[in-house]
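> The structure follows.
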Amino acid sequence: MKGLIAKKVGMTQVFDESGNLTPVTVIRVEPNTVIATKTEDKFGYSAVVLGLDDLKTGKASKAYAGQFPENVSPKRHLKEFRDFDGEVKVGDQIGVELFNSVRFIDVTATSKGKGFQGVMKRWGFHGGRASHGSKFHREAGGTGCCTTPGHSLKNTKMPGHMGFERVTVQNLKVVKVDPELKVLMVKGAVPGVKNSTLIVKAAVKK
């Protein structure tokens, strides 16, 4: 499994050799530092722990800083990748070149928060007529029983908090890998706001 911690930059567009325009999401992949390696003999599975973004001196607690080797400064973001492809050792730097031979990726992030929303925006309800005289426009309608038990049933789609959830978008096509700019350009929408942290992995279904 190939994977790295990255940041979402935004969207742009690129032209291919035939002149066709493709909208792409730009993902910036700064070099990830190998914090630790786990072996099957000791932990029961093989994995690599990667870190991104140095923490300022004094910002890391003793307990948190204790997991980092002496030659590696504490990192803000940590992620464990199981069955990591390739031989690496503690202190190595892994960049966007890891995805040179990858055609499709899966991206995991926290989606944009949209606050409290009604059923039409949150669940796609059609609502009632918009014509004059209608008293049913954007309401949810009935949500429970009119007799026993007399309350709304579980899993009924209702208004509530929307967004700000852990989301994985699968099978995003890699359009371009630019090692000089340290960016990965993919076709399609990536979850999260600008500058949010992403977990980028090689697609598991391709």
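The values are calculated or read from the model by the stated rules, or taken from the named source; none is laboratory data. Values in this document were obtained by computation on a predicted structure and should not be read as measured data. Virtual Cβ from ideal backbone geometry, glycine too; neighbours counted across all protein chains shown. Only protein heavy atoms, including side chains, enter the accessible area calculation; ligands, DNA and RNA are left aside. Shrake-Rupley method; radii C 1.70, N 1.55, O 1.52, S 1.80 Å.
> Of the residues that sit in region 1-27 and are at pLDDT below 95 and charged (D, E, K, R), which one is farthest from I94 (Cα to Cα)?
By that ranking, first place goes to E17.
> Considering only residues that are among the hydrophobic types (A, V, I, L, M, F, W, C) and buried (at least 19 other Cβ atoms within 10 Å of the Cβ), look in region 184-198 and name the one that is nearest to L50 (Cα to Cα).
L198
> All but one of (1) in a helix (DSSP H, G or I); (2) touching a Leu at 6+ places or on another chain (Cβ under 9 Å) hold for V34; which doesn't?
Status for V34: all satisfied but (1).
For (1) open to solvent by less than 30 Å² (accessible area, probe 1.4 Å); (2) in a loop (DSSP other than H, G, I, E, B); (3) under 15 Å from N32 (Cβ atoms), each residue gets a yes or a no:
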| position | (1), (2), (3) |
| --- | --- |
| V49 | yes, no, yes |
| K56 | no, yes, no |
| V72 | yes, yes, yes |
| L78 | no, no, yes |
| E87 | no, yes, no |
| L98 | no, no, yes |
| S101 | no, yes, no |
| R122 | no, no, no |
| F125 | no, yes, no |
